[in-house]
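Next up is a structure, given as structure tokens.
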Amino acid sequence: DAGVIQSPRHEVTEMGQEVTLRCKPISGHDYLFWYRQTMMRGLELLIYFNNNVPIDDSGMPEDRFSAKMPNASFSTLKIQPSEPRDSAVYFCASSLGSTQPQHFGDGTRLSIL
Amino acid sequence: AQSVTQLGSHVSVSEGALVLLRCNYSSSVPPYLFWYVQYPNQGLQLLLKYTSAATLVKGINGFEAEFKKSETSFHLTKPSAHMSDAAEYFCAVSERSGGSNYKLTFGKGTLLTVNP
């Protein structure tokens, strides 16, 4: 069975550019989570969706970050404009119910120069 | 809000030795507790989950964890370490997040190295 699929796996771009990260959750899962992982702050929840509707975006660092889930099989996390401090590994995870284990993608390693 | 403390950012053991990774959560009893493992350049994978059905939870790859309410702990153990256990381990607790939804709060992780 296909797991959570994230693209791209690596992204290197210059400061000020728009960055779009993509996620395809496991088919049938009704929750989708976006996380950011850094050495300093560990794994932080940015936002999560239930049935394509954003439920909690309290972890989104600032207005430069936005996330959408236009349908059950696709979500994007966008950073515009990007800054060097946004450099991190971004993970997407999905689950069937919010109390069930989350299944993680392999992440997108983002470097902002 | 829930908080999770993993004591020891780095634990080193010899192959065949006992593995003990510590996790303490904040005082309010969370409904669910998890341990995840992360191998280099990969996402997190579930090791085990506590759901209050039993205080001792068995997971994959020979790992188990014991929930101790009096100590607010959920430590992860494995009797005999294998080289393939080298990875980073994360403890996570769930907390209610609006209505009937729950979200996870993760500890900072413990890097386990296994020496031959």
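Can you pull out the residues in region B:1-54 that are within 14 Å of B:LYS108 (Cβ to Cβ) and basic (Lys, Arg)?
B:ARG22, the sole residue that qualifies.
Condition check ((1) within 12 Å of chain B (Cβ to nearest Cβ); (2) within 12 Å of the chain's Cα centre (by Cα); (3) surrounded by fewer than 18 Cβ atoms within 10 Å (Cβ to Cβ); (4) modelled with pLDDT of 95 or more) across all residues:
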{"position": "A:HIS29", "(1), (2), (3), (4)": "no, no, no, yes"}
{"position": "A:ARG36", "(1), (2), (3), (4)": "yes, yes, no, yes"}
{"position": "A:ILE47", "(1), (2), (3), (4)": "yes, yes, no, yes"}
{"position": "A:ASN51", "(1), (2), (3), (4)": "yes, no, yes, yes"}
{"position": "A:GLU62", "(1), (2), (3), (4)": "no, no, yes, no"}
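For region A:87-103, give me the residue count where each residue is within 23 Å of A:THR20 (Cβ to Cβ) and not hydrophobic (A, V, I, L, M, F, W, C).
Qualifying residue count for the region: 5.
Condition check ((1) within 14 Å of another protein chain (Cβ to nearest Cβ); (2) in a loop (DSSP other than H, G, I, E, B); (3) touching a residue at least 24 places away in the same chain (Cβ under 8 Å)) across all residues:
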position: A:SER58; (1), (2), (3): yes, yes, no
position: A:SER66; (1), (2), (3): no, no, no
position: A:SER75; (1), (2), (3): no, no, yes
position: A:LYS78; (1), (2), (3): no, no, yes
position: A:SER94; (1), (2), (3): yes, no, yes
position: A:GLY97; (1), (2), (3): yes, yes, yes
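Only one of these conditions is not met by A:GLU83: (1) under 24 Å from B:TYR50 (Cα atoms); (2) away from chain B (no Cβ under 14 Å). Which number is it?
Only one criterion in (1) under 24 Å from B:TYR50 (Cα atoms); (2) away from chain B (no Cβ under 14 Å) is unmet by A:GLU83, namely (1).
May I ask you to list the residues in region B:66-76 that are crowded, with 19+ Cβ neighbours inside 10 Å and touching a residue at least 40 places away in the same chain (Cβ under 8 Å)?
If the condition is that a residue be crowded, with 19+ Cβ neighbours inside 10 Å and touching a residue at least 40 places away in the same chain (Cβ under 8 Å), then B:PHE74, B:HIS75, B:LEU76 are the ones that fit.
Now a separate question. Could we say that B:SER12 is under 28 Å from A:PHE49 (Cβ atoms) and in a strand (DSSP E or B) here?
Spelling it out, it is not the case that B:SER12 is under 28 Å from A:PHE49 (Cβ atoms) and in a strand (DSSP E or B).
Return the residues of region B:47-62 that are over 19 Å from A:GLN100 (Cα atoms) and in contact (Cβ under 8 Å) with a residue 40 or more places away in the chain; say none if nothing qualifies.
none
Turning to a different aspect of this structure: When the residues of region B:1-46 are filtered to those that are among the hydrophobic types (A, V, I, L, M, F, W, C), in contact (Cβ under 8 Å) with a residue 60 or more places away in the chain and buried (at least 17 other Cβ atoms within 10 Å of the Cβ), which remaining residue is farthest from A:TYR35 (Cα to Cα)?
B:VAL13
Of all residues being more than 11 Å from chain A (Cβ to nearest Cβ) and touching a Phe, Trp or Tyr at 6+ places or on another chain (Cβ under 7 Å) in region B:47-58, which is surrounded by the fewest Cβ atoms within 10 Å (Cβ to Cβ)? Just the residue, please.
B:THR55
At least 2 residues that are surrounded by 19 or more Cβ atoms within 10 Å (Cβ to Cβ), within 14 Å of chain A (Cβ to nearest Cβ) and modelled with pLDDT of 95 or more in each: list the strands (runs of 3 or more DSSP E) lying fully within region B:77-116 that qualify.
Because the criterion is at least 2 residues that are surrounded by 19 or more Cβ atoms within 10 Å (Cβ to Cβ), within 14 Å of chain A (Cβ to nearest Cβ) and modelled with pLDDT of 95 or more, the strands (runs of 3 or more DSSP E) in region B:77-116 that meet it are B:87-96.
Only one of B:GLY62, B:GLY43 is under 14 Å from B:ALA92 (Cβ atoms) and either in contact with a strand residue (DSSP E or B) (Cβ under 7 Å, 6 or more places away or on another chain) or more than 11 Å from chain A (Cβ to nearest Cβ) (or both). Can you tell me which?
Of B:GLY62, B:GLY43, the one residue that is under 14 Å from B:ALA92 (Cβ atoms) and either in contact with a strand residue (DSSP E or B) (Cβ under 7 Å, 6 or more places away or on another chain) or more than 11 Å from chain A (Cβ to nearest Cβ) (or both) is B:GLY43.
The values are calculated or read from the model by the stated rules, or taken from the named source; none is laboratory data. Since the model is a prediction, treat every value here as computed from it, not as a measurement. All Cβ positions, glycine included, derive from the backbone under ideal geometry; neighbour counts span all protein chains shown.
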